[in-house]
Amino acid sequence: MPQLISVIIPVYNKEEHLAQSIESVLSQTYPHFELLLINDGSTDTSAEICKEYQAKDDRIHCFFQENKGVSAARNLGIKQAKGEWIYFLDADDFIDPNCLEETALYFDKEVEVIDFGVRRFKPGKTVPKQTECNPFIETDHFKDYFLNYQYEHAAAWHHLIRFSLLKKNNIFFDEELTNNEDLLFMWTVLCNASGFVSTGKELINKMMIPSSLSIGPMNRNKVESKLKFLDRWIEVAERTGKIGVLKKRINSRAITYLGDLNGYRENGTIPKDLINNYYVFYKKNRAVLTSPILKIAGRNVSLALFLRNTKKFFRPIYLPFKKLLLK
């Protein structure tokens, strides 16, 4: 019997692109799916668009809630889903007609996560032609999968996830995070999964909108949320025994966070409470945060940022000075 895919689209004020996203699901060559539209308190005509499509196709189910954020909307979708597989699609993106059919080829294998590639484009621009992306990989070992694939952005919208994996491990999106909630969810999925497949094919078209939460300007909420993400990612990696594999990647991400912290100012300076938040974070996770620049930041964030920003100009004195600080 064909396995059902629950496609979940969180919707908040996406009237311009929502129909294209829905039509891409309805055009799938694999017909065994349900489409869950979760309207998150939209103030435009998105809710009406959802209702119109629900009236046309009995595979479409609409749910409405007051505005609680994308994580709450996706979590409602998880709770309402009836499929053996879960797929999250953003309301301004669209998938190729063969997307679900290509992933369904692996449903009978011992896998819990199916990955596919993405084509990114800007609004008004031509969508790039389909090309091969990452090589085909099939393994039941997280380390092999991670080291071969080298996740740069483990986002939910280019993965199908076996629903039983989410239920067994009680995995939901963290509604306290306003940034990187997608990453934390997927790393939690990947750290708990026992079988992985990367199809090697680009099957989703991702619209890069500058005003989106993920690529907009830095602000306080983003800085705070990114640090919470790092802290909870470490917790997941330690709880699932994956810290050894992920330690280098976590350190790299934490160094990137210092850049994010350095990029945010209030009245011309980095707020003291945000600096203190890093000190608390470092003290808690110092066994994992072993990069020299992170150690320096654990003592003095301002000095670490100065060294990070000037090392390419003062490299002859940077390395000896860094070693002296770490003694």
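No value in this document is a laboratory result; all are computed from the given coordinates. The shown structure was predicted, so the numbers you read here are calculated from the model rather than taken from an experiment. In this analysis, Cβ positions are derived from the backbone assuming ideal geometry, glycine residues included, and neighbour counts consider all displayed protein chains.
Sorting M207, M1, M186, M218 from the fewest to the most surrounding beta carbons within 10 angstrom yields M1, M218, M207, M186. Ordered by the count of other Cβ atoms within 10 Å of each Cβ, fewest first, Y278, Y106 give Y106, Y278. Centre-to-centre separation between the Cα atoms of the stretch 19-95 and those of the stretch 219-276: 32 Å. Sorting 252-262, 195-205 by their mean Cβ neighbour count within 10 Å, with the most densely packed peptide first, gives 195-205, 252-262. Highest average first, the peptides 237-247, 264-274 ordered by how many other beta carbon atoms sit within 10 Å of their residues are 237-247, 264-274.
Shape analysis of the stretch 220-325 places it in the oblate category; the axes a ≥ b ≥ c from the Cα gyration tensor give an a/c of at least 1.5, with a/b not above b/c. Fewest neighbouring Cβ atoms within 10 Å first, the residues V11, V118, V25, V236 line up as V118, V236, V25, V11.
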